[in-house]
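> Starting off with a structure, shown below.
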Amino acid sequence: GQQLNQSPQSMFIQEGEDVSMNCTSSSIFNTWLWYKQDPGEGPVLLIALYKAGELTSNGRLTAQFGITRKDSFLNISASIPSDVGIYFCAGQPGSSNTGKLIFGQGTTLQVKP
Amino acid sequence: DSGVTQTPKHLITATGQRVTLRCSPRSGDLSVYWYQQSLDQGLQFLIQYYNGEERAKGNILERFSAQQFPDLHSELNLSSLELGDSALYFCASSPAGNNEQFFGPGTRLTVL
């Protein structure tokens, strides 16, 4: 089945540093979404991308929909302690006409004050 | 708060039993999705309903079933429970024509 390869698996950074994570696939996707999940809670939608090449920002977060439609990245600038959590990419497969999402395995981010 | 509600928050039961998880979508959202999250499998899509009709199926076991009612709330029924069914179960909803899915707080199911 379709899979998303998300990297890195985990990151441990200093407060104030910038962070970058990405997702890649061998298949094309129509939509890319980025979520953040805190322990014991549901994923929270951060950014949604709908067009190849699209670059969208949400505060200190910036995400891009890869031009090949097979990848996406998320950048967090000037990280702060509350950025700690697990970040997931999710994509709607290009072959799908439903809302089914495929999720990456997540990037665990830890920020040292 | 996403506007999606799920009950119960926690559920502890025994193998072989049957449970029902409930989800109320955000006001106005017609689509409801169910996902299972376990430590070794990540977030796995189970099933989607749109305005009462099944729209898409993922890796949902035959022991599991779901439905969406006229008031748009949804229930996920899990039967003949096994130890491996222990996981977080999330419901998400999205408006018509939009893939932005908003997740509820989840139900943590523990099968002993």
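> For B:Gln44 and A:Arg60, what is the calculated FRET efficiency with R₀ set at 25 Å and r taken between the beta-carbons, to the nearest 0.05?
Here the calculated transfer efficiency is 0.25.
> In the protein assembly as shown, how does Rg compare with the Kirkwood Rh, expressed as the Rg/Rh ratio over alpha carbon atoms?
0.97
> Taking 1 over the mean of 1/r across every pair of different Cα atoms in chain A, what Kirkwood radius in Å do you get?
For chain A, the Kirkwood estimate is 14.0 Å.
> Work through the residues other than A:Gly40 whose Cβ is under 11 Å from its Cβ and net out their charges, Lys, Arg +1 and Asp, Glu -1.
Here the count lands on 0.
> Do the alpha carbons of any pairs in A:Lys70/A:Lys100; A:Lys36/B:Lys9; A:Lys112/B:Lys9; A:Lys36/A:Lys100 sit beyond 24 Å of each other, and which pairs?
Violating the 24 Å Cα-Cα cut-off are A:Lys112/B:Lys9.
> Just the number, please: Stokes-Einstein D of region B:58-112 in µm²/s, Kirkwood Rh from C-alpha pairs, 10 °C, 1.306 mPa s.
Reported coefficient: 123 µm²/s.
> Answer with one residue from B:Ala96, B:Gly84, B:Leu72: the one whose Cα lies farthest towards the positive end of the charge dipole of chain B, charges on Cβ with Lys, Arg +1 and Asp, Glu -1.
Positive-end residue among those listed: B:Gly84.
> If you don't mind, another one. Sorting A:Asp38, B:Asp40, A:Asp83, B:Asp85 on the 10 Å Cβ count, fewest up front, what's the list?
Ascending number of Cβ neighbours within 10 Å: B:Asp40, A:Asp38, A:Asp83, B:Asp85.
> Tell me which GluC sites (Glu not before Pro) from region A:13-113 have a DSSP coil assignment and no more than 12 other beta carbons within 10 Å of their own.
The qualifying sites are A:Glu15.
Since every read-out is calculated from the coordinates, none of them should be taken as a lab result. Values in this document were obtained by computation on a predicted structure and should not be read as measured data. Cβ coordinates were reconstructed from backbone atoms using ideal geometry, including for glycine residues, and neighbour counts include every protein chain displayed.
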